[in-house]
1. Could you pull out every one of the strands (runs of 3 or more DSSP E) wholly within the stretch 40-154 that has 1 or more residues that are of a type in the set (Gly, Ala, Ser)?
2. Only one of these conditions is not met by residue 419: (1) over 23 Å from residue 150 (Cβ atoms); (2) in the same structural domain as residue 307 (by TED's automatic domain parsing); (3) part of a loop (DSSP other than H, G, I, E, B). Which number is it?
3. Run down 211, 215, 202 and say which single residue is assigned to a loop (DSSP other than H, G, I, E, B), within 27 Å of residue 124 (Cα to Cα) and of a type in the set (A, V, I, L, M, F, W, C).
4. Would you check if residue 292 is within 14 Å of the chain's Cα centre (by Cα), within 11 Å of the ligand (Cβ to nearest atom) and surrounded by fewer than 19 Cβ atoms within 10 Å (Cβ to Cβ)?
5. With the requirement that a residue be within 12 Å of the chain's Cα centre (by Cα) and either at pLDDT below 95 or more than 8 Å from the ligand (Cβ to nearest atom) (or both), what does the stretch 295-310 give you?
6. Contact list please: Cβ distance under 7 Å, first residue in the stretch 130-146 and over 15 Å from residue 69 (Cα atoms) and in contact (Cβ under 8 Å) with a residue 12 or more places away in the chain, second residue small (Gly, Ala, Ser) and surrounded by 21 or more Cβ atoms within 10 Å (Cβ to Cβ), pairs at least six apart or on different chains.
7. Does at least one position in the stretch 323-331 carry a residue that is within 16 Å of the ligand (Cβ to nearest atom), in contact with a strand residue (DSSP E or B) (Cβ under 9 Å, 6 or more places away or on another chain) and either among the basic types (Lys, Arg) or not in a strand (DSSP E or B) (or both)?
8. Which residue, of 245, 287, 277, 313, is closer than 26 Å to residue 203 by Cβ and within 11 Å of the ligand (Cβ to nearest atom)?
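The values are calculated or read from the model by the stated rules, or taken from the named source; none is laboratory data. Here the structure is a predicted model, which is why all the values come from computation and not from measurement. Backbone-built Cβ (ideal geometry, glycine too); neighbour counts: all protein chains shown.
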Amino acid sequence: MKKHFYVVLFALLLGTLSSASAQPANRYVQYDSKITFKPDEAGISADVTLIIPTSLLQNQQLTLLLSKQQSISHISGTQLKSYAIETSTRVPPWNLITLNFEDTQQPSYSVNLKYAGSIDETAGHGNYINKQGAHLSIDSAWHPFVADFATKMTGKVQLTVPTDWELFSPGHQQRRTADSRLVINDMPAIDVVLFAQRAPQIKTVNNVEVIYQGITSTKAQRLADDGSQCLTALNANMSSDNQLARAHLIVLERNGPSFARGHYISMSKASLSTRQADYQYVCHELAHHWTPFANAMSHDYWMMESFAEYISAQQLKRRFGEHAYQQVAERWQQLAKGVGFVWRANTPERASHRVNYGLGPLRLTQLANRIGNKKFAQLLAWYTANDVTETEQLLNKIGEITSATTQAWFTKQLGQRERKK
Ligand SMILES: [Zn+2]
């Protein structure tokens, strides 16, 4: 009976995906998750079914990450040969769940996990569940995801939440009953994220909503205005077949990094400062709609952050002028001082904060200065419209639209320390 259900579900998901996306459906893990919030216990209980395309298995194996706070009561799958749960050495508060499947040459395999547990609010990553709402990102590993930090997932989450919570998430939602919502995420992402709040404070300007805590309504209004202006400008600049129709900017008093998943953008009050810096911050997050998602732990990750910095600095210049832009360039210089390099082919580690938000955008600026605005705009148009997740792809494209000499020059630039001035 259960097996039947999976087969039907898979067909349904495939159907939706192939019509919604030009990319082949079998590149992504698909989840069908049922999550019940338990605000009194700061926790959840979860029943997650994953459909894993065979093409994503290595030696019939796939490894997931899930917080140790979530205790697993059940793992099963008709073709699941065995599984192992062990501490992640990379992130010790998390478990690695290694799934071994039979080799039956079928196109995909399914696995069901049941678990329950709380969210550790003291961990300092800005995730929580309380009676007022919830903020859940990859940082609490509350929902399983693939341990390579790169394999994308799509799917749906059925949530049981207090009736008066408003829910914000990537994708789109359906309200089924008073306490049941369905979130459908058809944009591939490495994680499942959401925010919920009882009686949220919201400011709206055109297609941008700012949902906020801990800042004044005047500041929230200004952020909504900034968001709307920048979103309009970005949509006008970017390819017409990939527009961002709307944005939810969620500003919370929380720790942990800001992140963008399509229209869903989670920001932090602590990162707000001056009007001009806030404008660039909002533009940076919006720009991520057009920066292809590279492996979050790889040496290619610098591209998405540095391009978002570059794009947002251009938007800042456009709105506030050359002086505002120079201040950003100065900040890049300060961050980049003495930093070793942006990217080297033989060094697999993810670059540091100072590279992503300093030396990286500086190197892109140097490239723009060398090849000229027209060619750089051509490069940017290509980067923002394609799945450019490896630095070599960028280098080859530079060679293609300029010359082998420029490609070699930029490759060398990426591997060099920024001189102290
Ligand atoms: Zn960013």
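1. In the stretch 40-154, the matching strands (runs of 3 or more DSSP E) lie at 43-53, 61-67, 70-76, 80-87, 108-118, 133-136.
2. Single failed check for residue 419: (2).
3. Values: 211 fails: assigned to a loop (DSSP other than H, G, I, E, B); 202 fails: assigned to a loop (DSSP other than H, G, I, E, B).
Result: 215 is the single residue among 211, 215, 202 that is assigned to a loop (DSSP other than H, G, I, E, B), within 27 Å of residue 124 (Cα to Cα) and of a type in the set (A, V, I, L, M, F, W, C).
4. Working: within 14 Å of the chain's Cα centre (by Cα): yes; within 11 Å of the ligand (Cβ to nearest atom): no; surrounded by fewer than 19 Cβ atoms within 10 Å (Cβ to Cβ): yes.
Here the answer is no, as residue 292 does not meet what is asked.
5. 295, 296, 301, listed by residue number.
6. 133/196; 134/196; 135/126
7. no
8. Working: 245 fails: within 11 Å of the ligand (Cβ to nearest atom); 277 fails: within 11 Å of the ligand (Cβ to nearest atom); 313 fails: within 11 Å of the ligand (Cβ to nearest atom).
On inspection, the qualifying residue turns out to be 287.
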